[in-house]
Each structure stands twice: as structure tokens, then as C-alpha cells.
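Encoded as C-alpha cells, the structure appears first; notes follow it.
The values are calculated or read from the model by the stated rules, or taken from the named source; none is laboratory data. Owing to the predicted nature of the structure, the values given are computational and were not obtained by experimental measurement. Here Cβ is always computed from backbone atoms with ideal geometry, including for glycine, and neighbour counts include all displayed protein chains.
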Amino acid sequence: MTIETAGADVPKGGEQAAMPLRALRRQTPIVPEANVAGRALVLVIAIMTFLSSLTLGGVSLVRDTASVWESQIAREATIQIKPTDGVDMEDALTRAAEIAAGFQGIVRAEPVSREATARLLEPWLGPSLNIDELPVPRLVVLTVDQSIMPDFEQLRAALATEVPTATLDDHRTWVDRLVAMARTTVTIGMTVLGLILSATVLCVVFATRGAMAGSGHIIEVLHFVGAEARFIASEFRQHFLLTGAKGAAAGGIAAILVFLMFSWWSSSNVATPEGDQASALFGNFAIGLLGYAGVAALVAVVAALTAVTSHLTVVAYLTDLDVKQHDHG
């Protein structure tokens with residue numbers, strides 16, 4: 001006894017010949033051809049991949065920028081000298097610089113001049129500022145050799161003895177806050193990325209079940225006459241792999257174009273107020289080769305995830321079908 005399906009005879013029972021199955025595969029595809037639902041899934045996967053790529057690129061950008069900030073902050077320390085009665089500020093600055101320069105790991109100790117101090121305060125106190133008339137603290141900027149970190153505790157003790165009005169700021173508080181902020185941002189970004197990929201998996205599950213419902217009679221006939229679950233699942237896997245690859249590639253390319261556009265904007269707005277502010281916060285908006293490689297890897301992951309999800313969904317469906325058949329039998 002045979003069952004006719006779209007002009008292909010499939011033997012029922014133990015004589016499960018490969019030729020009729022291949023003929024069925026050629027003439028009547030198990031998975032419905034491209035339709036509105038299929039095009040909608042491609043669009044959904046493209047949007048999800050686009051958002052995932054933006055999230056991944058943003059996390060990479062924040063991490064790289066935070067690393068640059070951390071490096072810049074860690075390269076410097078400052079000594080602040082407060083003006084008090086009976087203290088010669090210039091002598092105190094010179095003495096503090098000499099003490100700091102004698103410590104291993106301090107590459108340079110340079111007092112900030114009166115003119116430079118006035119320029120720093122000019123936006124708030126005006127251009128005609130006379131710092132001798134105000135109790136303005138003065139600074140000594142220390143350049144630190146990052147390969148040999150100086151002993152800041154000993155430096156503090158020496159300054160407390162020689163220049164009692166001096167205080168040392170090694171910027172560790174700012175560095176710790178910056179590292180904590182970067183880690184928090186990366187954690188949030190990766191969590192969002194995980195949620196987007198989870199939503200993509202759910203969309204693929206629903207789309208697979210919809211495709212199975214559209215060709216349920218073919219699937220049941222094939223399964224009941226002896227076709228293995230992995231054969232049927234492979235048909236869906238190949239179909240959804242192609243669907244996922246199309247959508248993921250479109251979303252990844254769109255994200256790369258966005259990053260290239262922002263990088264071009266940053267490069268073309270150098271030395272402008274808005275460009276300088278953006279560069280100070282985010283660098284040059286370039287995610288680098290690793291960032292683009294991450295987007296390409298994400299495209300591959302989304303395509304593979306789509307295929308694997310559809311495969312597992314079909315296997316789970318056929319397993320449930322076998323259980324129900326056994327119970328009714």
C-alpha cells in the first residue's frame with residue numbers, strides 16, 4: 001500500500017527506499033516556499049541582528065574608551081598646595097616637585113605656572129584674574145611611569161613632613177569609579193544582547209511551528225511511514241539556516257554601515273566643538289577590527305542559532321507526536 005503525495009509514491013512499511021523520499025524532496029518541499037510569514041521572519045531576524053550588533057558595538061566602544069580613560073588617568077597624579085599665611089607658594093611648589101621627582105616611578109614633576117592656573121580659572125572667574133588676590137590652590141602635575149608604580153604612601157608621608165599644606169591625589173578613586181562604570185555598562189550591554197537573542201529564538205520557534213502547521217499532513221505521513229525525525233528536521237534546518245543567514249547578514253551590514261557613518265562623521269568634525277565633545281566622551285566612534293569581527297561572528301551565530309532552534313523544535317514536535325501515538329495505541 002502506498003500513499004500518494006504530490007505525485008511521489010512513498011512505500012509504507014519496512015521498504016523505506018531512499019528514491020521515493022528523494023523524489024518527494026525534489027517535487028514537494030516539506031517546508032513551505034517563501035511566503036509572507038517567511039519574509040516577515042527574515043525582517044524580524046534582520047532587526048534583531050541589527051540591534052544585537054549595535055549593542056555589541058556599543059559595548060566594545062565603551063570598553064575601549066574606558067580603557068583609554070583609565071590609561072590616561074593612571075599616567076598622572078597631582079599635588080595640591082593650599083595657600084596659608086606665612087607660606088611662600090613658589091618655594092612650596094618647587095620643594096614639592098623636588099620631593100616627588102626623587103621617587104622611583106615619577107618621570108616628571110612640573111608645577112603649574114601662575115599663567116596656566118589663571119587660564120584654568122578663566123571660564124569661571126574672568127580673564128582679568130589676579131590669583132595673588134585669591135586663596136587659589138596651586139598644583140604640581142606628576143607624570144607616572146606605569147611600568148614602575150611609585151610608592152604613593154611614602155610620597156604622602158614625605159610631603160606631609162616637608163610641605164605640610166600639600167596633598168597628593170593619585171586619581172585612584174576616579175580610576176576605580178571608571179572601571180566600575182565600564183564593567184556595569186558591559187554587563188548591562190551583554191544582558192541586553194542575551195535578551196535580544198532570546199527573543200530571536202522565540203520568534204524562530206513560532207515560525208517553525210507555523211511552517212509545520214502549514215505542511216502538517218506531509219510531515220505526519222513521512223513520519224508514520226518511517227522517515228526519521230532527523231531527516232524531517234534537516235529539511236527545516238536547511239530552510240531556516242538560509243532564512244536566518246539572509247536576515248542576519250542584512251542586519252549586520254546595516255549595523256556596520258551605521259558604525260562607518262559615525263566614524264566618518266567623527267573624522268570629518270575634528271576640531272569642531274561638537275566633534276571635540278564627542279571625541280572626549282566616545283573617542284572617534286571607531287569600534288576597530290575586533291568590533292567588526294564581532295559583528296561578523298554575531299551574524300554567523302544568529303544564522304546558526306536559527307537553524308539549531310528550528311531543528312530542535314521539529315524534533316520536539318515529532319517526539320510529542322510519537323508519545324501521543326503510543327498513548328492512543
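Observations, loosely collected:
- Test: residue in the range 118-136 that is over 18 Å from Q72 (Cβ atoms) and touching a residue at least 40 places away in the same chain (Cβ under 8 Å): yes
- D132 passes every criterion in (1) exposed (fewer than 11 other Cβ atoms within 10 Å of the Cβ); (2) among the acidic types (D, E); (3) under 17 Å from L168 (Cα atoms) apart from (3).
- Within the range 217-241, residues that are small (G, A, S) have Cβ atoms under 6 Å from residues that are in a helix (DSSP H, G or I) in these pairs: A229/V315; A229/L318; A233/H311; A233/V314; A233/V315, counting only partners at least 6 apart in sequence or on another chain.
- Among (1) at pLDDT 80 or above; (2) hydrophobic (A, V, I, L, M, F, W, C); (3) in contact with a Phe, Trp or Tyr (Cβ under 8 Å, 6 or more places away or on another chain); (4) farther than 14 Å from L56 by Cβ - the single one L260 does not satisfy: (3)
- Meets criteria (surrounded by 16 or more Cβ atoms within 10 Å (Cβ to Cβ) and at pLDDT 90 or above) for A157: no
- Segments classed as strands (runs of 3 or more DSSP E), wholly inside the range 1-105, with at least 3 members that are modelled with pLDDT under 85, outside the structural domain of V301 (by TED's automatic domain parsing) and buried (at least 16 other Cβ atoms within 10 Å of the Cβ): 8-11
- Segments classed as helices (runs of 4 or more DSSP H), wholly inside the range 118-228, with at least 1 members that are within 30 Å of T55 (Cβ to Cβ) and among the basic types (K, R): 172-214
- Residues considered: V205, V201. Of these, the only one that is surrounded by fewer than 16 Cβ atoms within 10 Å (Cβ to Cβ) and touching a residue at least 40 places away in the same chain (Cβ under 8 Å) is V205.
- The residues on offer are G226, G194, and the sole one that is surrounded by fewer than 17 Cβ atoms within 10 Å (Cβ to Cβ), closer than 19 Å to T306 by Cβ, out of contact with any helix residue (DSSP H, G or I) (no Cβ under 6 Å at 6 or more places or on another chain) and in the same structural domain as L312 (by TED's automatic domain parsing) is G194.
- Looking only at the range 111-120, and only at residues there that are out of contact with any Asp or Glu (no Cβ under 9 Å at 6 or more places or on another chain) and closer than 14 Å to Q80 by Cβ, the one that is surrounded by the fewest Cβ atoms within 10 Å (Cβ to Cβ): L120
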